[in-house]
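Here's the structure we're looking at; comments come further down.
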Amino acid sequence: MNVTIENSCIGCGACESICDAVFHVEDRAEVNSANIAGNEECVKEAAGACPVSAIVVE
């Protein structure tokens, strides 16, 4: 699974609140790629909850 954050990210923190093992938000979201394995379900949930659809899961 490949996860990227698009420039449209507004840094709302929804992804981090859903899946803090993978996402961290300062000004905008960042992905800890090393933690994606084993957290795929919460990554997908976070992507679905993003209000600006900035999380791309491939």
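Numbers at a glance
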| quantity | calculated |
| --- | --- |
| Residue within the range 15-23 that is among the acidic types (Asp, Glu), modelled with pLDDT of 95 or more and touching a strand residue (DSSP E or B) at 6+ places or on another chain (Cβ under 6 Å) present | yes |
| Residues of the range 1-17 classified as crowded, with 16+ Cβ neighbours inside 10 Å and within 9 Å of the chain's Cα centre (by Cα), total | 5 |
| Members of the range 18-51 that are surrounded by fewer than 16 Cβ atoms within 10 Å (Cβ to Cβ) and in a loop (DSSP other than H, G, I, E, B) | Ala21, Glu26, Asp27, Arg28, Asn32, Ala37, Gly38, Pro51 |
| Residue list for the range 1-53, restricted to those being in contact (Cβ under 8 Å) with a residue 40 or more places away in the chain and of a type in the set (Ser, Thr, Tyr) | Thr4, Ser8, Ser53 |
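The values are calculated or read from the model by the stated rules, or taken from the named source; none is laboratory data. Here the structure is a predicted model, which means the values were calculated and not measured. For neighbour counting, all protein chains shown are included, and Cβ atoms are generated from backbone atoms with ideal geometry for every residue, glycine included.
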